[in-house]
Amino acid sequence: MMLPISRSLRRRRNENRTDSIWPFRPRRLLLTGASLLLYPALAAAQTPTAPASAAPPDDGQWTMPAKNYAATRYSALDEINGGNVSHLQVAFAFSTGVDHGQEAAPIVANNTMFIVTPYPNIVYALDLTKPGAPIKWSYQAHPDPASQGVACCDVVNRGATYSDGKLFFNTLDDNTIALDAETGKLLWKTKLGDLNTGETITMAPLVVKGKVIVGDSGGELGVRGWLSALDVNTGKLLWRAYATGPDKDVLIGPGFHSFYPSDNGADLGVSTWPTDAWQTGGGTMWGWIAYDPDLNLIYYGTGNPGPWNQEQRPGDNKWTTTLFARDPDTGEAKWALQYNPHDEHDYDGINEQILVDMMAGGKPRKVLMHPDRNGYLYIVDRESGEIVSANPYGYVNSVLRIDTKTGRPVMNPDKLTKVGTVVHDICPTASGLKDWNPSAFSPLTGLMYIPHENLCMDWKSRSVSYIAGTPFVGAEVVSKPGPGGNRGEFTAWDPVAGKAVWTIKEDLPLWSGAVVTAGGLVVYGTMDGWFKAVDAKTGELKWRFKTGSGIIGQPVAYRGPDGREYVAILSGVGGWAGAIVSGDLDPRDPTGALGMNGLMADLKTKTAPGGTLYVFALPSS
């Protein structure tokens, strides 16, 4: 049965929008949605495009989880389209042998597919030139078993990256590893973190200019966040930029200048905290990095401050929940934008940044698009850090609006948290209107495709003491469905108009990534195991397939050695929202799994643990 599609967001979602970035409104002409088709030349001129240097022509491979440096997750392959996708069938499948949350993107390079499992972080190389894609080689990382006990939200891994004959990936116990992609031979292994403090690594690395860029996890255990660069050939640590502490640690120097006054000043990573609290203040970097070769800047966001109890850390708590622009050669910060100063709802800033060039304010702008956990879709100037626009992409009541003059959110006083008091119906919940699972962008439609949640929460803060390697949260949270009762949504977003074009309501929260193709299709998965293809222009369901477990992974599309188009996804429920299944948690405690247990209690009746790669193609002629 098809899920209902809403052609526009509810009226209340737009009541607190900032002005559209559309530079003018000529009479009654609205250049959005279907009306663009009536004015093709004007539509083409206004359609955002990814910078060519960050999104080069598609070679049919998929060498990094985001597809390219612009993080578009767009495939130029068009063999599979709306007219024939109903014939899509399984080409081959592969069991990982690991029944935890499968969040990784399959990587495809030189006719080989590489997948990384959750703990114990086994790497498999599958030979795509042979029937059934048999194992070419495998690598056992043997991470420290103790890492499972300090992982916040399942023992996940978000995948590997291929570059110049090498495969790079991270392990849960804080190692970055380089393998020979042809043979699986270990080239180097570098230890980056300390399990004794609760530090782990779950993110996918990115290779930029001979450097492997890696960040840490563990913000719920008081881990101090950082981003590090390793030499691609030796694994030697070249630089490390912390998210908290003095400017010398954060790599803020004389070339740093942010657009907003509150993001400028000496040693703000110390002065915006109580004494020494920055040392256990979080700001970990477990999400996504984008890179603009023309500006030679990497862009990434930092995680939440610790503890969640905001009364124990008065101040802006810089540089948590912050977007950084850095020089990849030195790590030096050029500018920063703190999305959620003094965050008190666990609104990490680690979600993806998609790089596009577009018209705004009557002139071309180099921007990035970021759907934040606070529920606002930010359009940010890549050169200066100025917020061009910020509009809610779902139901939000914790933040009234984003003040583009100050760069700061205007908070709803009724939803601020207090020790010993239950604050009801804060929307979105702690995992945000959207968590880590990445969006996609199509240069053909000019739309961004956002898999996200529709969740609210009740929150009660309590005092907590720091003990290394143990939870440092200080809050009891109970998540609940948002307005309408559906827990998930898939939204096509028009960044020019600053509004949704269509929205699909899903029963469960969406925890998988998305991919959009030149065939006019968007693919994503659901937590009860459905893998779906919908029309990129209308959201109409065109095809679906029931996999063996819930989907929280990242789909990819690639050209096989036979010249045909394939679509791949890892199936295996888990992660924060799916931990009740993968960890077999007791659903009677609604505060378990940081507030997800009660919300997801029915997931045990909808799916089971698993770990299988599915690859689909059209029937061979």
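The values are calculated or read from the model by the stated rules, or taken from the named source; none is laboratory data. Note that this is a predicted model, so its numbers are computed, not measured. Note: ideal-geometry Cβ built from the backbone for every residue, glycine included; neighbour counts use all protein chains shown. Each accessible area value is taken on the protein alone, full model and side chains, heavy atoms only, with ligands, DNA and RNA left out. Shrake-Rupley method; radii C 1.70, N 1.55, O 1.52, S 1.80 Å.
If one computes P(r) from the Cα atoms of the stretch 481-534, what percent of pairs lie at distances over 12 Å? Walk me through the numbers before you get to the answer.
Numbers: 981 of 1431 pairs.
Result: 69 percent of Cα pairs exceed 12 Å.
On a C-alpha basis, how far is the centre of the stretch 239-271 from the centre of the stretch 133-154 in Å? Whole number, if you could?
When both Cα centres are located, 35 Å separates them.
Over the stretch 212-265, what number does the Rg to Rh ratio reach, with both radii from the alpha-carbon atoms and Rh per Kirkwood?
Working: Rg = 13.5 Å, Rh = 12.8 Å.
Rounded to two decimals, Rg/Rh equals 1.05.
With every protein chain kept in the model, how would you rank Asp458, Asp164, Asp348 by accessible area, 1.4 Å probe, largest at the top? Could the numbers behind the result be given before it?
Values: Asp458 25, Asp164 130, Asp348 5 Å².
So, going from the largest accessible area down, we get Asp164, Asp458, Asp348.
With N residues in the stretch 182-247, what two-decimal value do you get for its Cα radius of gyration over 2.2 N^0.38 Å? Please report the intermediate quantities before stating the final value.
Numbers: Rg = 13.0 Å, N = 66, 2.2 N^0.38 = 10.8 Å.
Against the compact-globule rule of thumb, the ratio is 1.20.
Round to a whole number: what % of the accessible area of the stretch 84-184 belongs to carbon and sulfur, probe 1.4 Å?
Values: 1530 of 3290 Å².
The computed percentage sits at 46.
List, in order, the whole-Hz ³J(HN,Hα) value for each residue of the stretch 168-185 obtained from phi through the Karplus relation with A = 6.51, B = -1.76, C = 1.60 and θ = phi - 60°; use x for Gly and Pro.
10, 8, 10, 10, 4, 8, 6, 10, 10, 10, 10, 10, 5, 5, 7, 10, x, 5
When only C-alpha pairs under 8 Å and at least 6 residues apart count, what is the relative contact order of the stretch 368-507, in percent?
On the way: 310 pairs, mean separation 27.0, N = 140.
Averaging sequence separation for qualifying contacts and normalising by length gives 19 percent for the stretch 368-507.
Provide, as a two-decimal number, the C-alpha radius of gyration of the stretch 512-558 over 2.2 N^0.38 Å, N being how many residues it has. Mind dumping the intermediate values first?
Details: Rg = 10.2 Å, N = 47, 2.2 N^0.38 = 9.5 Å.
For the stretch 512-558, the normalised Cα radius of gyration is 1.07.
Dimensions of the stretch 142-281 along principal axes (Cα, Å, largest first)?
51, 35, 21
Counting C-alpha atoms alone, how compact is the stretch 202-299: give Rg to one decimal and Dmax as a whole number, in angstrom.
14.3, 41
Two decimals, Cα atoms only, Kirkwood Rh: what is Rg/Rh over the chain? Walk me through the numbers on the way to the answer.
Values: Rg = 22.2 Å, Rh = 23.8 Å.
On the Cα set of the chain, Rg over Rh gives 0.93.
Check Ser571: other-chain or 5+ apart residues with amide H under 5 Å from its amide H, H built from backbone geometry?
Amide H neighbours of Ser571, under 5 Å, 5+ apart: Thr612, Leu613, Tyr614.
Could you go through the stretch 329-344 in sequence order and give the Karplus-derived ³J(HN,Hα) for each residue, using 6.51 cos²θ - 1.76 cosθ + 1.60 with θ = phi - 60°, rounded to whole Hz, and x for Gly and Pro?
5, 10, x, 4, 7, 8, 7, 9, 9, 8, 5, 10, x, 6, 3, 10
Which Cα, out of Asn264, Ser228, Ala277, lies furthest along the positive dipole direction of the stretch 219-286 (beta carbon charges, K/R +1, D/E -1)?
Final value for the positive-end residue is Ser228.
What are the principal axis extents of the Cα atoms in the stretch 537-603, in Å, biggest first?
51, 29, 18
Summarise the accessible area of the stretch 530-621 (1.4 Å probe, protein heavy atoms) by the percent that is carbon and sulfur.
Values: 1540 of 3050 Å².
Exposed carbon and sulfur together represent 51 percent of the surface.
With each run of n ≥ 4 DSSP H residues scored as -39500 (n - 2.57), what mean residue ellipticity at 222 nm is computed for the chain after dividing by its residue count and rounding to the nearest 500 deg cm²/dmol? Don't skip to the end; give the middle numbers.
Details: 7 runs with 35 residues, N = 621.
Rounded to the nearest 500, it is -1000 deg cm²/dmol.
Over the chain, average the accessible area per residue using a 1.4 Å probe and give it in Å², no decimals.
Numbers: 20460 Å² over 621 residues.
Value for the chain: 33 Å² per residue.
Suppose the chain between Ser86 and His142 were pulled fully straight at 0.36 nm per residue; how much longer would it get relative to their current alpha carbon spacing? Write down the numbers at each step before the final one.
Numbers: separation 56, 0.36 × 56 = 20.16 nm, distance 4.16 nm.
The Ser86-His142 span can extend by a further 16.0 nm.
Can you order the peptides 240-246, 418-424, 282-288 by their average number of other Cβ atoms within 10 Å per residue, highest first?
282-288, 240-246, 418-424
Express in whole angstrom the spacing between the alpha-carbon centres of the stretch 584-601 and the stretch 403-419.
Measuring centre to centre over Cα atoms gives 28 Å.
Sorted from largest down, what three extents in whole angstroms do the Cα atoms of the stretch 116-216 have along their principal axes?
Extents along the principal axes: 44, 31, 19 Å.
Using alpha-carbon pairs under 8 Å, 6+ residues apart, how would you state the relative contact order of the chain in percent?
On the way: 1897 pairs, mean separation 104.7, N = 621.
It rounds to 17 percent for the chain.
Using a simple charge model, +1 on the beta-carbon of Lys and Arg, -1 on the beta-carbon of Asp and Glu, nothing else, what dipole does the chain show about its Cα centre, in debye to the nearest 20?
On the way: 55 positive and 63 negative charges, 310 e Å.
Magnitude of the dipole: close to 1500 debye.
Using the Kirkwood formula over every pair of different C-alpha atoms, what hydrodynamic radius in Å results for the stretch 434-525? Spell out each step's value before the answer.
Numbers: mean 1/r = 0.0654 Å⁻¹.
Result for the stretch 434-525, one decimal place: 15.3 Å.
What are the radius of gyration and Dmax of the stretch 489-600, computed over its Cα atoms and given in Å?
16.0, 51
Give Lys415/Lys604; Lys434/Lys604; Lys505/Lys606; Lys499/Lys606; Lys130/Lys546 a once-over and call out the pairs whose C-alpha atoms are over 24 Å from each other. Can you show the working numbers first?
On the way: Lys415/Lys604 31 Å; Lys434/Lys604 22 Å; Lys505/Lys606 17 Å; Lys499/Lys606 33 Å; Lys130/Lys546 26 Å.
Pairs exceeding 24 Å: Lys415/Lys604; Lys499/Lys606; Lys130/Lys546.
Just the accessible area for Arg158, please: 1.4 Å probe, Å², rounded to the nearest 10?
In the full protein context, Arg158 sits at about 20 Å².
Can you tell me what the convex hull of the Cα atoms of the stretch 74-176 projects to on average, as an area in nm²?
8.3
Taking a ≥ b ≥ c as the square roots of the Cα gyration tensor eigenvalues, with a/c under 1.5 meaning rounded and otherwise prolate when a/b beats b/c, else oblate, which class fits the stretch 257-336?
On the way: a/c = 2.57, a/b = 1.72, b/c = 1.49.
In terms of gyration-tensor shape, prolate.
Take every Cα pair under 8 Å in the stretch 89-193 that's 6+ residues apart, average their separations, divide by the length, and report that relative contact order as a whole percent. Let's see the in-between values first.
Working: 219 pairs, mean separation 23.1, N = 105.
Rounded, it is 22 percent for the stretch 89-193.
Starting from the residue with the highest accessible area, list Glu311, Glu199 in decreasing order, probe 1.4 Å.
Details: Glu311 100, Glu199 20 Å².
Of Glu311, Glu199, the descending order of accessible area is Glu311, Glu199.
Compute the Cα gyration tensor for the stretch 63-115, then decide on rounded, prolate or oblate, letting a ≥ b ≥ c be the square roots of its eigenvalues: rounded whenever a/c is under 1.5, prolate when a/b is larger than b/c in the other cases, and oblate in all that remain.
Details: a/c = 1.87, a/b = 1.16, b/c = 1.62.
Oblate, because a/c is 1.5 or more while a/b does not exceed b/c.
At a 10 angstrom cut-off on C-beta neighbours, averaged per residue, how do the peptides 329-342, 506-519, 128-141 rank from highest to lowest?
Values: 329-342: 22.0, 506-519: 25.7, 128-141: 15.0.
Put in order of decreasing packing, that is 506-519, 329-342, 128-141.
Using every pair of alpha-carbon atoms in the stretch 279-399, split the distances into 5 Å bins beginning at 0 and state the percent of pairs per bin, rounded to integers.
Histogram of Cα-Cα distances, whole percents per bin: 2, 12, 21, 23, 19, 13, 7, 2, 1.
Place the peptides 73-83, 202-212 in order of packing, highest mean first, counting for every residue the other Cβ atoms within 10 Å and averaging per peptide.
Result, highest mean Cβ count within 10 Å first: 202-212, 73-83.
What is the percent carbon and sulfur in the accessible area of the stretch 308-435, measuring with a 1.4 Å probe over the protein chains and ignoring ligands?
Values: 1630 of 3210 Å².
Here it works out to 51 percent.
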